[in-house]
Amino acid sequence: MDKVTVRDIVRMKGSSRIVMVTAYDYPTAKIVDSAGVDMILVGDSLAMVVLGYPTTHGVTLRDMIRHTMAVARAKPRALVVGDMPFGSYETSNSRAVRSAIAFVRAGAEAVKLEGGSEYADRVKAIVRAGIPVMGHIGLTPQRHLRYGGYRPRGRRLEEVRQLLLDAEALQEAGAFSIVIEFTAAEVAELITRRLQIPTICIGSGPHCDGQVLVLHDILGLSDHIPPFAKKYVDLKQVIAQAVSSYVREVREGLFPGPEHTVVRLKEPLDLESLLKELEGGAPAKQC
Ligand code: KIV
């Protein structure tokens, strides 16, 4: 199958549902790609689910670039989207463009940034540099300090109006799609109908052009799985079971068994006489 491009993603609006998932390293990028996702987001959720920070603020551009490179080395068919971390685009358009270029050099084929109309000029500048941008509105975790936590957005008229204006401003600025996070399903549906570009939702109901989830939530590896995410497997349990079997087998002398003891001597050796030689006896001989 051909490599997914930004044009393919835009064309999918209204014809087939778009699937995006996060991945942060080479093996998981290979696995999610083979499962058939359309886009892989190297999300700044990396901060919490992989690096153990309490919020996304802990992750740096350098961290994101390193993980984007690992994902890109998997050469996925899916479009690779790099998530611009806190501090990499807020201060100026030129800073934003420089950060986006670093992502492209690392192998990203698009970048995502959080924020609405107030960041439309950043989106425009990055797109002008030839780099596709995905917007992100609704709950924007990088702004949790400003909004007093991780509350849903767009439940009152004024906020809904603002979300619509934000979505339109991002589209106008040249974004090729927009993530809508933790908003009422009716509001996400309304935005989806108003826009020509695809909406990719998380925690915002089923009426969007696509969905995104954090891989570690799907796999049951996250410490806190949000109520809108679906755990498809309890990998924590699977991994703990596998590793405790290993611990037990080593302690009981069951591992490694004969099938895992694979190095064979190249010639018959009298290892006992070698021991004696080392202890000061006559030189050891081959058998
Ligand atoms: O970083 C991330 O994983 C995200 C998704 C939740 C959209 O931004």
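The values are calculated or read from the model by the stated rules, or taken from the named source; none is laboratory data. Nothing here was measured: the structure is a model prediction, and the numbers come from that model. All Cβ positions, even for glycine, are placed from backbone atoms using ideal geometry, and neighbour counts span all protein chains on display. These area figures cover heavy atoms from the full protein model, side chains too; ligands, DNA and RNA do not enter into them. Shrake-Rupley method; radii C 1.70, N 1.55, O 1.52, S 1.80 Å.
Overview of results
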{"quantity": "Rounded to 5, percent antiparallel among DSSP beta bridges of the chain", "calculated": "5"}
{"quantity": "In degrees, nearest ten, helix 185-194 long axis to first principal axis of the chain (Cα)", "calculated": "70"}
{"quantity": "Considering only the range 75-180, percent of DSSP beta bridges that pair antiparallel, nearest 5", "calculated": "10"}
{"quantity": "Difference of contour (0.36 nm per residue) and Cα-Cα distance, Asp270 to His224", "calculated": "10.7 nm"}
{"quantity": "Within a Gaussian network of the chain (alpha carbon springs, distance under 10 Å), most fluctuating of Asp223, Asp166, Asp38", "calculated": "Asp223"}
{"quantity": "Relative contact order (percent, whole number), the range 6-238, Cα cutoff 8 Å, 6+ residue spacing", "calculated": "18"}
{"quantity": "Spatially proximal lysines relative to Lys13 (Cα-Cα < 19 Å; intrachain offsets below 8 disregarded)", "calculated": "Lys3, Lys112"}
{"quantity": "Accessible area per residue, Å², the range 129-221 with all protein chains present, probe 1.4 Å", "calculated": "42"}
{"quantity": "Overall form of the range 122-176 per C-alpha gyration tensor (a/c, 1.5; a/b vs b/c)", "calculated": "oblate"}
{"quantity": "Nonlocal amide H pairs with Met12, under 5 Å, H built at 1.01 Å", "calculated": "none"}
{"quantity": "Neighbour-limited loop hits for chymotrypsin sites (Phe, Trp or Tyr not before Pro), the range 209-283 (at most 11 other Cβ within 10 Å; DSSP other than H, G, I, E, B)", "calculated": "Tyr232"}
{"quantity": "Qualifying trypsin sites (Lys or Arg not before Pro) for the range 222-266 [loop in DSSP, other Cβ within 10 Å: at most 14]", "calculated": "Lys230, Arg264, Lys266"}
{"quantity": "Backbone HN-Hα couplings from phi across the range 203-217 [Karplus 6.51/-1.76/1.60, Hz, Gly and Pro as x]", "calculated": "x, 10, x, x, 8, 9, 6, x, 10, 9, 9, 7, 3, 5, 6"}
{"quantity": "Simple Cβ-charge dipole of the chain, Lys/Arg +1 and Asp/Glu -1, about Cα centre, in debye nearest 20", "calculated": "700"}
{"quantity": "Residue-wise HN-Hα coupling along the range 18-29, computed from phi with Karplus coefficients 6.51, -1.76, 1.60 (Hz; x: Gly, Pro)", "calculated": "8, 10, 10, 9, 7, 7, 10, 8, 5, x, 6, 4"}
{"quantity": "Centre separation in Å (Cα based) which lies between the range 109-188 and the range 82-108", "calculated": "16"}
{"quantity": "Only Lys, Arg (+1) and Asp, Glu (-1) charged, at Cβ; the range 143-223 dipole about Cα centre in debye", "calculated": "260"}
{"quantity": "Residue-averaged [θ]222 nm for the chain, counting only DSSP H segments that reach four residues, each worth -39500 (n - 2.57)", "calculated": "-11500 deg cm²/dmol"}
{"quantity": "GNM top mover of Glu159, Glu252, Glu172 - the chain, alpha-carbon springs below 10 Å", "calculated": "Glu252"}
{"quantity": "Selected from Leu145, Leu271, Leu219 as most flexible by GNM, with the chain as the system and alpha-carbon contacts under 10 Å", "calculated": "Leu271"}
{"quantity": "The range 17-70 and the range 234-281: distance between their alpha carbon centers, rounded to Å", "calculated": "36"}
{"quantity": "Equivalent ellipsoid, the chain (semi-axes from 5 times Cα gyration tensor eigenvalues, Å)", "calculated": "49, 21, 18"}
{"quantity": "Cα-based helix-to-principal-axis angle, 61-73 vs the chain, degrees rounded to 10", "calculated": "70"}
